[in-house]
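Here is the structure we will look at, set down as structure tokens.
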Amino acid sequence: MRCGQKESGYVYCPNGHYICDKCHGKSAFDAIRALAISAKGTNPVTIAEEMIKSTGVSMLGCEHAWIAAGALLASIKTHGSIKVTDDQIIEALDRTQKQAVGAYCGLTGVCGVAVAVGAAFSVILGAACPKDKETAVTMHVVARVVEAIASETGPCCCKNFVRTALALSCELAKEYLGTDLDCTVRIMCADSRRHPHGCRETGCSYFPG
């Protein structure tokens with residue numbers, strides 16, 4: 001553990017190593033936040049791919065949820081039909097970071113990428129417990145994202161989940177926000193050999209074979 005604090009955890013190295021969620025991905029989170037604020041373009045999938053490449057994130061990990069939230073809001077900000085501020089992007093990332101932690105999908109059954117899309121819509125809509133429509137829309141969005149990425153498991157792949165969730169988010173942004181983002185997705189994944197659990201290859205929409 002880097003910070004020296006002791007805590008209970010669910011995921012650790014077979015050799016006994018452990019990094020808490022606060023220390024894990026700290027530099028990546030800062031880099032993703034900066035990229036989200038400066039990103040241009042109205043295609044969230046393309047923005048996410050650029051983030052993945054420039055930050056060098058691992059094959060799997062909660063960093064992908066941060067990328068999903070940042071890329072989606074960056075694309076909506078650039079589109080301009082809805083005002084999105086840098087503070088809102090930071091807020092969505094901070095919210096995502098609170099829930100998208102190591103092994104979140106296995107611990108709770110909900111992928112952090114879906115939480116990230118929910119955080120983005122929640123910030124834009126101003127969803128909150130006392131509100132009706134705004135909260136309902138956000139929950140419907142998350143439910144549809146969960147359904148979409150659930151069909152892409154076996155094994156789980158964070159990069160697939162980001163691409164799938166953001167492609168769907170383009171449709172959801174048009175349906176619920178009236179924002180017509182660029183939904184074009186032309187990706188040939190180059191990371192299949194990196195998957196620690198074995199890529200499902202032709203079972204994935206982004207496999208180059």
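Over the chain, with a Gaussian network built from C-alpha contacts below 10 Å, which listed residue (40, 83, 159) shows the highest mean-square fluctuation? Looking only at 40, 83, 159, the biggest GNM fluctuation is shown by 83. For the residue pairs 53/83; 83/159; 77/159; 6/98; 40/98, the alpha carbons lie more than 21 Å apart in 53/83; 83/159; 77/159; 40/98. Of 157, 146, 114, which is farthest along the charge dipole of segment 27-203 in the positive direction, counting Lys and Arg as +1 and Asp and Glu as -1 at C-beta? My answer, from the dipole projection, is 157. According to the calculation over all Cα-Cα pairs in segment 84-209, the P(r) per 10 Å bin from zero is 12, 40, 34, 12, 1 %. Once the Cβ-Cβ distance of residue 88 and residue 200 is raised to the sixth power relative to R0 = 30 Å, the FRET efficiency obtained is 0.25. Ellipticity at 222 nm from helices only: DSSP H runs of n ≥ 4 in the chain, each -39500 (n - 2.57), divided by the residue count, give -17500 deg cm²/dmol.
Summarising the label geometry, the points placed 7 Å from Cα in the beta-carbon direction at residue 140 and residue 108 lie 2.3 nm from one another. Helix screen, the chain: DSSP H segments with Cα axial length of 20 Å or more and mean Kyte-Doolittle hydropathy at least -0.5 are 63-79, 133-150, 158-177. Of 192, 69, 136, whose Cα points farthest to the positive end of the dipole of segment 27-203 (charges on the beta-carbon: +1 Lys, Arg; -1 Asp, Glu; origin at the Cα centre)? Checking the options against the dipole of segment 27-203, the answer is 192. Ranking of 94, 30 by neighbouring Cβ atoms within 10 Å, starting from the fewest: 30, 94.
Just so you know, all these numbers are worked out from the coordinates, no wet-lab data involved. Everything quoted here is computed from the prediction, not taken from an experiment. A quick note on method: Cβ atoms are made from the backbone with ideal geometry, for glycine too, and the neighbour counts reach across all protein chains shown.
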